[in-house]
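S.K.: Encoded as structure tokens, here's the structure I'll be asking about.
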């Protein structure tokens, strides 16, 4: 167990697929190296952005191995949410052998469980895991971990070193800080929702696992470093300016396809989704791709030259112009 708390921005990377639908190893390595060059704090493989639930167990192991090999000394917080205790512990051992800093584990998913059962579950994991654990609260997809349960686990289990919160519930996040930090200052409280990153840092949070950092790492790291330096006006300004871009990607059909488009427009090859997309959604995705491309291209980021060319006016033109203007002002003039 390390006494050094987890701090900074950990990137939940996508998993690219090749023409046969397999994990595209070389492209994944290229993504991780690129993110490292952009100065991100660390990596978060096998999270929601990495579609861990759509990968086989062996593929999840492969993803963690590849990310660990390319991390360049940066810490890896690896997703280890498996369907039963034995598999979670097996993945914990695997991640420990790879040298990962810690693992992130959601509440049990699919079945609804009592808080008593959830607490017992994490206590068993804490007793058996050879690697530090970050408890991942994402109530949209897994059982929520209540603040009282999280507090007891944090104070009783040294192996549990932090929490990642993707509930979008800022009062809850503040309550976690208020209830746990005074008694255990080294307990890391990470934000998992970029709309709340600046607020979380201002209230004393330790960083975040931020999906947009995989597409525009330069901007997310700017918010983080401005916050560390106490430049709150600038951090807040950038946070507000990015809200529309994040909304564009997160609300695209078939999450996380909007983010995968972002990676494509930064020069990577994500491959086809591992889930069917309807014809109507494909058409909408093409429109969203054009919007994201215009935002990135006019901000000076590399995008396909065919997008943003003169096109007949459409009902989306006003929104597109607004988003382009917002992000251009953030990135082009300030980075």
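S.K.: If you check 142, 126, 200, 154, which single one turns out to be under 19 Å from the mean Cα position of the chain (by Cα) and more than 30 Å from residue 241 (Cβ to Cβ)?
M.R.: Matching residue, one of 142, 126, 200, 154: 142.
S.K.: Quick one: which residue in 236, 241 is closer than 25 Å to residue 287 by Cα and not in a loop (DSSP other than H, G, I, E, B)?
M.R.: The conditions single out 241.
S.K.: Another one. For residue 230, indicate whether it is in a loop (DSSP other than H, G, I, E, B), in contact with a strand residue (DSSP E or B) (Cβ under 8 Å, 6 or more places away or on another chain) and either within 22 Å of residue 207 (Cβ to Cβ) or touching a residue at least 12 places away in the same chain (Cβ under 8 Å) (or both).
M.R.: Judged against the criteria, residue 230 is not a match.
S.K.: Might you check whether a residue that is in contact (Cβ under 8 Å) with a residue 12 or more places away in the chain, out of contact with any strand residue (DSSP E or B) (no Cβ under 9 Å at 6 or more places or on another chain), crowded, with 17+ Cβ neighbours inside 10 Å and in a helix (DSSP H, G or I) occurs anywhere in the stretch 150-167?
M.R.: Yes, the stretch 150-167 contains a residue that is in contact (Cβ under 8 Å) with a residue 12 or more places away in the chain, out of contact with any strand residue (DSSP E or B) (no Cβ under 9 Å at 6 or more places or on another chain), crowded, with 17+ Cβ neighbours inside 10 Å and in a helix (DSSP H, G or I).
S.K.: Okay, moving on. Check off (1) on the phi > 0 side of the Ramachandran plot; (2) modelled with pLDDT under 95 for residue 111 and give me the number that stays unchecked.
M.R.: Every listed condition holds for residue 111 apart from (1).
S.K.: Just one of the numbered conditions (1) under 26 Å from residue 285 (Cβ atoms); (2) in contact (Cβ under 8 Å) with a residue 40 or more places away in the chain; (3) outside any loop (DSSP other than H, G, I, E, B) is not true of residue 222; which one?
M.R.: It fails just one condition, (1).
S.K.: I've got another one for you. Quickly run through the stretch 108-137 and pick out the residues that are touching a strand residue (DSSP E or B) at 6+ places or on another chain (Cβ under 6 Å) and either farther than 23 Å from residue 97 by Cβ or in a strand (DSSP E or B) (or both).
M.R.: 133, 134, 135, 136, 137
S.K.: Looking only at the stretch 269-282, count how many residues are surrounded by fewer than 10 Cβ atoms within 10 Å (Cβ to Cβ) and in a helix (DSSP H, G or I).
M.R.: Number satisfying all stated conditions: 2.
S.K.: Hey, which of the strands (runs of 3 or more DSSP E) in the stretch 1-107, taking only ones fully inside, have at least 3 residues that are under 26 Å from residue 261 (Cα atoms)?
M.R.: Qualifying strands (runs of 3 or more DSSP E): 8-11, 77-79.
S.K.: Restricting to the stretch 170-184, name every residue that is free of Cβ contacts under 8 Å to residues at least 24 places away in the same chain and assigned to a loop (DSSP other than H, G, I, E, B).
M.R.: 181, 182
S.K.: For the stretch 93-113, what are the residues that are touching a residue at least 40 places away in the same chain (Cβ under 8 Å) and crowded, with 24+ Cβ neighbours inside 10 Å?
M.R.: Correct list: 102, 104.
S.K.: Within the stretch 67-82, count every residue that is surrounded by fewer than 23 Cβ atoms within 10 Å (Cβ to Cβ), in contact with a helix residue (DSSP H, G or I) (Cβ under 9 Å, 6 or more places away or on another chain) and touching a residue at least 40 places away in the same chain (Cβ under 8 Å).
M.R.: Final tally of qualifying residues: 2.
The values are calculated or read from the model by the stated rules, or taken from the named source; none is laboratory data. Not measured: the values here are computed from a predicted model. When we count neighbours, we look across all protein chains shown, and the Cβ atoms used for this are built from the backbone with ideal geometry, even at glycine.
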